[in-house]
Amino acid sequence: MEKELRLMKGNEAVAEAAIRAGADGYFGYPITPQSEILEYLMEASPWKTTGMVVLQAESEIAAINMVYGGAACGKKVLTTSSSPGISLKQEGITYIAGAELPCLIVNVVRGGPGLGTIQPAQSDYFQAVKGGGHGDYHLIVLAPASVQEMADFVGLGFDLAFKYRNPAMILSDGAIGQMMEKVWLSPQQERSKSVPAWATTGKPSTRKRNIITSLDLDPNAQEVFNQKLIAKYNEIKEKEVRYEELRCDDAEYLFVAYGTSARVCMKSVQLARAQGIKVGLLRPITLYPYPSKRLNQLADRVKVMISVEMSAGQMIEDVLLSVNGKVPVHHFGRMGGIVTNPEEVVENLKSKIIGG
Amino acid sequence: MTEEIIIAGFGGQGVLSMGKIMAYSGVMQDMEVSWMPSYGPEMRGGTANVIVIISSERISSPIIKHFDTGIILNQQSLDKFESSVKPGGVLIYDSNGITRHPERKDITIYRVDAAEEAGKMNSPKTFNMIVLGGFLKVKPIIKMENVIKGLKKSLPERYHNLIPMNEKALQKGLEIVKKV
Amino acid sequence: MAEATGIKDILKPENLVYNKTKIMTDNVLSYCPGCGHGTAHRILAEIIGEEGLQSQTIGVSPVGCSVLLYNYLDIDWQEAAHGRAPAVATAIKRLLPDKFVFTYQGDGDLAAIGTAETIHSCNRGENILIIFINNGIYGMTGGQMAPTTISGMKTSTSPYGRDVKLMGNPLKITDIVATLPGTYYVTRQSVHTPANVRKTKKAMRKAVQYQKLNKGTCFIEIVSNCPSGWKMTPVLSNKWMEENMFPFYPLGDIKVPEEKSAQ
Ligand SMILES: Cc1ncc(C[n+]2csc(CCOP(=O)(O)OP(=O)(O)O)c2C)c(N)n1
Ligand code: SF4
Ligand SMILES: [Mg+2]
């Protein structure tokens, strides 16, 4: 079957891709800048075609617990929100991670803290990558930099989530959610009929009962479980790192940026190169697992790395850990919902790093 | 070829939908496109703007500060974006309601009095199509047939009866745009 | 200039029929033309002014179109997270029991995400005033379905009309809180005509008195319009509200104090 070309907003692409990926259920609550996802699904009414359930929940807390319930039945379920709503979901997310349930969570990030702004930001990096809720756990975190990737990562996110029985998150932002680009959509996939062995579907006499829980009162058993999680995360780190490189071969300076900031930096690379400055870009596509090995290798070749983020400097901590002191690492970014622009990034490189 | 455009005016002037038609037209011509709107409560009667990029190559940043073409539809936007047009670039504006006209000498300035013309044609809704016609005269980067295809794509089926009227408006824009 | 003197002639104290209450600031309201929020604000401001409560009041503003309410009334304010205003107000009143404490919340805020806080503060009988603006929609986020959206009503997340089988039934939260022992005075009003404005103002004045007497939670629902979310002109939206909202959300007192001695 052929792919279909559409011009869509990032948010719409997520919704359409979820239907096409054969998702079984979507649960969400309106919040700017991602309400188009729920709106698109309600208009598309996939329950009439693929049988996908769509429900507007009374809150993000309810929505993520609906995801818990659906995922525990072995279904492909997702929820989407933006920063304040994702904060509310954290309790549910840690329970999902603790119960080792696969699901997809999309965060179309806006500026914070608190109610903050509705404009794009990347200030939820720590929350997405370092945990967010309580306890030792990780999400698989994918960072789309285009509308195409917004669509593609829905399928990829589900695949990884089911492969590892782990929640996956798409960490996007208001710019990617709201902008329109061309997107090639995969053909409609049938909703899966296979049921994972661990799913709660009603106990037949042929198997032991399935219990979905994150509770273990015995600390020894809990520690064994924690170790099992660590082994899983190590496997993910080994196998699932994804990134893109731009002009890194002869680069003296390296931008490290994801999502919208990476798009801005792509242009910054062009502008700087036109001025004879040898700069490249490494764009992490997975933020967890992080492309640490590759950054460490590049640290042998470049003079300086600059973590460009729409935040006060969050991802820079992973860059620092990756290069482990081999090269200096700087941060450049705007906050509060302001998206940096290509000229500004080059200007900062010239005045603060090359000149300073 | 890469054309970086900003369209700015009041919410309700059809700024975003004009950008959308441009983007769809670009798709019809097999180009890469991006459409990055301003969003939020400012849309309630406030200003609205959209950055449209049409290119034969992969588009790097959808968010940029300087533009090949500025299409400016009110005074606030003129004040804000006149300086954002690249030297040697183009500024197209509707003089309706403008009290301070553009002053830059290093860009080419065009006027398309679309509001007045839409009034004359008795179809205020086609205002943005007249402006688009003006743009296409100055920057014929998309073939008219692809613009019509783009228009069809961006309009819901039930409004397709309005296409001839919009074509007329586009044509009007081509005629009335003039260099200042 | 002749004209200027003309205006001066008119602007005499004896000609004054209406004055902006001092409690309203000079900040320009962010509401769409014809929206009921502004009127509700003004009534509230008048009550606070007339009752001499400016220095005694702490307001809690919601997340919704009225999120910027704290810019419009010249009193102390706390801005709560979405739906949590009654919990915030609970603590304020318990720690500052002599102050006048109220929340002002939309239907999404109060009856969806904040249902637990609403029910439990009413059930505890927190001695606060809850002002509930029911416009049957999520105005702020662009017109999505609210818990109060009536059956068949079109919103951006019920584009074919609210199908109660799929999306649940509209929630009459005011009737629910009226059943709770903690509520003392529960009423449903509107602000779309001068007569209704006067009734709403009277209800607010009562609520102020009851709070002074530590009577428990007072709950005033104001059925209101959202011309933008409903995609109607202000005039049409009021007509639509009368014809479609009022039959489902009838105006009037729902729970009134039994002992007359309360006043
Ligand atoms: C946790 C969280 N979820 C969602 C939102 C987005 N949000 C802002 S206002 C609102 C609903 C507003 O509707 P309502 O309470 O009815 O007030 P109105 O605007 O209609 O007056 C929502 C869902 C948010 N700010 N925080
Ligand atoms: S969106 Fe609706 S509730 Fe909000 S200000 Fe406009 S009319 Fe009022
Ligand atoms: Mg509302």
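Would you mind checking the range A:174-201 for residues with the amide N under 20 Å from a putative spin-label position 7 Å along Cα→C-beta of B:SER17?
Backbone N within reach: A:179-181.
Where a ≥ b ≥ c are the square roots of the eigenvalues of the C-alpha gyration tensor, would you call chain C rounded, which needs a/c under 1.5, or, failing that, prolate if a/b is larger than b/c, or oblate? Let's see the in-between values first.
Working: a/c = 1.72, a/b = 1.14, b/c = 1.51.
Cα axes put chain C in the oblate bin.
Report the longest stretch of chain B that contains none of the GluC sites (Glu not before Pro) sitting in a DSSP loop with at most 10 other Cβ atoms within 10 Å.
Numbers: sites that count: B:GLU57, B:GLU103.
After excluding every exposed loop site, the longest remaining stretch is B:104-180.
What value, in deg cm²/dmol to 500, does the helix sum -39500 (n - 2.57) over DSSP H runs of n ≥ 4 give at 222 nm once divided by the residues of chain A?
Values: 12 runs with 137 residues, N = 356.
So the helix-based figure for chain A works out to -12000 deg cm²/dmol.
Rounded to the nearest 500 deg cm²/dmol, what is the calculated helix-only ellipticity per residue at 222 nm for chain C, with -39500 (n - 2.57) per DSSP H run of length n ≥ 4?
Details: 9 runs with 85 residues, N = 263.
When only DSSP H runs of four or more count, the value is -9500 deg cm²/dmol.
Using alpha carbons only, how many degrees (0 to 90, rounded to 10) separate the axis of helix A:219-239 from the longest principal axis of chain A?
Approximately 50 degrees, to the nearest ten.
Whose amide H sits under 5 Å from the amide H of B:GLY89, counting only residues 5 or more places off or on another chain, with H placed in the peptide plane?
B:THR108
How high is the relative contact order of the range A:244-354, in percent, with contacts defined as C-alpha pairs under 8 Å that are six or more residues apart? Don't skip to the answer; put the middle values down first.
Details: 196 pairs, mean separation 32.6, N = 111.
For the range A:244-354, the relative contact order is 29 percent.
Rounded, prolate or oblate, given the Cα gyration tensor of the range B:2-179, with a/c below 1.5 counting as rounded?
Values: a/c = 1.34, a/b = 1.09, b/c = 1.23.
Note, shape of the range B:2-179 comes out rounded.
On a 26 Å Cα-Cα criterion, which of the cross-link pairs C:LYS99/C:LYS215; C:LYS93/C:LYS202; A:LYS163/A:LYS326; C:LYS154/C:LYS239; A:LYS9/B:LYS179 come out too long?
Values: C:LYS99/C:LYS215 14 Å; C:LYS93/C:LYS202 23 Å; A:LYS163/A:LYS326 35 Å; C:LYS154/C:LYS239 17 Å; A:LYS9/B:LYS179 35 Å.
The pairs that break the limit, which is 26 Å between Cα atoms, are A:LYS163/A:LYS326; A:LYS9/B:LYS179.
Using θ = phi - 60° and the Karplus relation 6.51 cos²θ - 1.76 cosθ + 1.60, list the HN-Hα couplings for the range B:82-93 in order, rounded to whole Hz, with x at every Gly or Pro.
Values per residue, Gly and Pro as x: 4, 6, 8, 6, 4, x, x, x, 10, 10, 10, 9 Hz.
Using a 1.4 Å probe on the protein heavy atoms, what percent of the accessible area of the range C:135-233 belongs to carbon and sulfur?
Working: 2110 of 3710 Å².
That fraction is 57 percent.
Using only Cα atoms, tell me the angle between helix A:10-20 and the longest principal axis of chain A; keep it within 0 to 90° and round to the nearest 10.
40 degrees
Under a 5 Å amide H to amide H cut-off, with H placed in plane at 1.01 Å, what residues pair with C:LEU73 once short-range neighbours are removed?
C:THR25
With a ≥ b ≥ c the root eigenvalues of the C-alpha gyration tensor of the protein assembly as shown, is it rounded (a/c under 1.5), prolate (a/b larger than b/c) or oblate?
Values: a/c = 1.68, a/b = 1.13, b/c = 1.49.
Taking the square roots of the gyration eigenvalues as a ≥ b ≥ c, the protein assembly as shown is oblate.
Give the accessible surface of the range C:30-262 per residue, rounded to a whole number of Å², with probe radius 1.4 Å and ligands, DNA and RNA excluded.
Dividing the accessible area of the range C:30-262 by its residue count gives 38 Å².
Which of the residues in the range A:1-34 lose at least 30 Å² of accessible area when you go from the chain alone to all protein chains together (probe 1.4 Å)?
Listed by number, the residues meeting the 30 Å² cut-off are A:LEU7, A:TYR29, A:PRO30, A:THR32.
Counting other Cβ atoms within 10 Å, keep those with at most 15, restrict to DSSP loop, and tell me which trypsin sites (Lys or Arg not before Pro) in the range C:155-252 are left. Write out the running numbers ahead of the final one.
Numbers: sites: C:ARG162, C:LYS165, C:LYS172, C:ARG188, C:ARG198, C:LYS199, C:LYS201, C:LYS202, C:ARG205, C:LYS206, C:LYS212, C:LYS215, C:LYS231, C:LYS239; in loops: C:ARG162, C:LYS172, C:LYS215, C:LYS231.
Filter output for the range C:155-252: C:LYS231.
Are there trypsin sites (Lys or Arg not before Pro) in the range B:1-92 that DSSP marks as loop and that have at most 12 other Cβ atoms within 10 Å, and which are they? Please report the intermediate quantities before stating the final value.
Numbers: sites: B:LYS20, B:ARG44, B:ARG58, B:LYS65, B:LYS80; in loops: B:ARG44, B:ARG58, B:LYS65.
The qualifying sites are B:ARG58.
Pop out a list of residues from the range C:106-120 that are at least 10 Å² less accessible with all the protein chains around than in their chain alone; 1.4 Å probe, no ligands or nucleic acids counted.
Relative to the lone chain, where solvent access is computed with a 1.4 Å probe, the range C:106-120 loses at least 10 Å² at C:ALA112, C:ILE113.
Work out, step by step, the length gained on full extension between A:VAL304 and A:GLU240: first 0.36 nm times the residue separation, then minus their alpha carbon distance; give nm to one decimal.
Working: separation 64, 0.36 × 64 = 23.04 nm, distance 2.64 nm.
Using 0.36 nm per residue and subtracting the Cα-Cα distance, I get 20.4 nm.
What FRET efficiency, computed as 1/(1 + (r/R0)^6) with R0 = 60 Å and r the Cβ-Cβ distance, is obtained for C:GLN78 and B:GLU32, rounded to the nearest 0.05? Intermediate values should be presented prior to the final figure.
Details: r = 48 Å, r/R0 = 0.81.
Result of the calculation: an efficiency of 0.80.
Give the residue list of chymotrypsin sites (Phe, Trp or Tyr not before Pro) in the range A:187-261 that are DSSP loop and have at most 16 other beta-carbon atoms within 10 angstrom. Kindly include the intermediate steps, with their values, before the conclusion.
Working: sites: A:TRP198, A:PHE225, A:TYR233, A:TYR243, A:TYR253, A:PHE255, A:TYR258; in loops: A:TRP198, A:TYR258.
Of the chymotrypsin sites (Phe, Trp or Tyr not before Pro), the ones in loops of the range A:187-261 whose Cβ has at most 16 other Cβ atoms within 10 Å are A:TRP198.
How tilted is helix A:35-44 with respect to the longest principal axis of chain A? Cα atoms for both, answer in degrees (0 to 90, nearest 10).
Result, in degrees: 50.
Ordered by residue, what ³J(HN,Hα) values in Hz, to whole numbers, does the range A:244-251 give under the Karplus form 6.51 cos²θ - 1.76 cosθ + 1.60, where θ = phi - 60° and Gly and Pro are x?
10, 10, 10, 6, 8, 3, 10, 5
Got a sec? Charge dipole of the range C:76-231, +1 on Cβ for Lys and Arg, -1 for Asp and Glu; which of C:THR155, C:PRO170, C:MET145 is way out at the positive end?
Checked the options; the winner is C:PRO170.
Provide the FRET efficiency to the nearest 0.05 for the C:ILE10-B:ILE163 pair, computing r from the beta carbons and using R0 = 45 Å. Walk me through the numbers on the way to the answer.
On the way: r = 54 Å, r/R0 = 1.20.
Step by step, r from the Cβ atoms, then E = 0.25.
Quick one: Karplus J couplings for the range C:105-114, per residue in order, coefficients 6.51, -1.76, 1.60, θ = phi - 60°, nearest Hz, x for Gly and Pro?
The phi angles translate into 9, x, 6, x, 4, 7, 10, 10, 5, x Hz.
Where in chain C lies the longest segment free of GluC sites (Glu not before Pro) that are both loop residues by DSSP (not H, G, I, E, B) and have at most 16 other Cβ atoms within 10 Å? If you can, show how the numbers build up before the last one.
Working: sites that count: C:GLU51, C:GLU258, C:GLU259.
Segment C:52-257 is the longest.
Round to the nearest 0.05 the FRET efficiency obtained for C:ALA195 and C:LYS154 when R0 = 35 Å and r is the Cβ-Cβ distance.
0.75
Within straight cross-link reach of C:LYS22, meaning Cα distance under 20 Å, which aspartates and glutamates are found once same-chain residues fewer than 8 apart are removed?
Straight-distance partners of C:LYS22: C:GLU14, C:GLU46, C:GLU50, C:GLU51, C:ASP74, C:ASP76.
The values are calculated or read from the model by the stated rules, or taken from the named source; none is laboratory data. Being a predicted model, the structure only gives us computed values, none of them experimental. Cβ coordinates were reconstructed from backbone atoms using ideal geometry, including for glycine residues, and neighbour counts include every protein chain displayed. Surface areas here come from the heavy atoms of the whole protein model, side chains and all, with no ligands, DNA or RNA. Shrake-Rupley method; radii C 1.70, N 1.55, O 1.52, S 1.80 Å.
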